[in-house]
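The values are calculated or read from the model by the stated rules, or taken from the named source; none is laboratory data. What you see is a predicted model; the values in this text were computed from it and never measured. Just so you know, the surface numbers come from the protein's heavy atoms only, side chains and all, with ligands and any DNA or RNA stripped out. Shrake-Rupley method; radii C 1.70, N 1.55, O 1.52, S 1.80 Å.
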Amino acid sequence: LIDFERVLNFRDFGGWDTVDGGKVARGKLFRSAAFSDASEADIARLDAMGMRFLVDLRRPEERRHEPNRWPGETTRVFINDQGAEGVALPPHLAALLQSDLSARSVYDYMMSLYREIPFDPRLINLYRDWFREMGEGGAGVIHCAAGKDRTGIGCALTLLALGVEEETFFADYEFTNAAVDLEKRMPKIQARMEERLGRKLDSAALRPMLGVEVDYLRN
């Protein structure tokens, strides 16, 4: 975990041993939440890291609502809006509008979401961009909004392709729960979601959506 002032869940997810006795390089593979709240100090630090490319998995509505403050012109950025035009809300927020807001219904929604993400043509193209650019060399970062679901699947696929043991990439995925102090951030997240939805939310029902569960990735 690399601590920034206002960039969350930023991690170097290299360094793992592979089943054939190798090791995934450090300083090349990074994952993160969005950069919409990045401070000036965060931006300066990120610029100094020399990222060659960035893959932003968010939909156009997400990027318009919370545009990234980084990267600059020296980093190649990949986005894909194919099939996502005209979407008023991200799918997880739309699901909350239709849910009874029980913890069980939100958990069930997350399970179904993880069965859909790997087959979303828009995301498949972005994951392809990520793998292609990795093959070109240099450091890159992949991110979505919170850096845990769409990003988590992309990182798991990356470590799987690099020959890392299954239980290891599950551990890397689950580390999001430790990387983000959810209890501290819950009031702010809840207030932001309530403002966008015009609906009161129960923090207990939100936890299955705001954290990660290994079962999501296993299913």
Counting only protein heavy atoms and using a 1.4 Å probe, what share of the accessible area of the chain belongs to carbon plus sulfur, as a whole percent?
51
Helix-only estimate, please: 222 nm mean residue ellipticity of the chain, summing -39500 (n - 2.57) across DSSP H runs of length 4 or more and dividing by its residues, to the nearest 500.
-14000 deg cm²/dmol
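Counting only pairs 8 or more places apart or on different chains, how many lysine pairs in the chain have C-alpha atoms closer than 25 Å?
For the chain, qualifying lysine pairs total 7.
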Could you tell me the relative contact order of the stretch 104-188? Use alpha-carbon pairs under 8 Å, at least six residues apart, and round to a whole percent.
18
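Remind me, relative contact order of the chain in percent, using alpha carbon pairs under 8 angstrom and six or more residues apart? Numbers along the way, then the final one.
On the way: 311 pairs, mean separation 58.1, N = 219.
Value for the chain: 27 percent.
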Please work out the average accessible area per residue across the chain, using the 1.4 Å probe convention, and give it in Å².
49
DSSP-defined beta bridges in the chain - what % are antiparallel, rounded to 5:
25
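Under the classification rounded if a/c is under 1.5, otherwise prolate if a/b is larger than b/c and oblate if not, where does the stretch 9-91 fall, given a ≥ b ≥ c as square roots of the Cα gyration tensor eigenvalues?
Numbers: a/c = 2.43, a/b = 1.49, b/c = 1.63.
Judged from the Cα gyration tensor, the stretch 9-91 comes out oblate (a/c at least 1.5, b/c at or above a/b).
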Using bins 10 angstrom wide from zero, how does P(r) for the chain break down, in % of all Cα pairs?
8, 34, 39, 17, 2, 0
For Val55, list long-range residues whose amide hydrogen, built 1.01 Å from N in the peptide plane, is under 5 Å from its own amide hydrogen.
Phe78, Val141, Ile142, His143
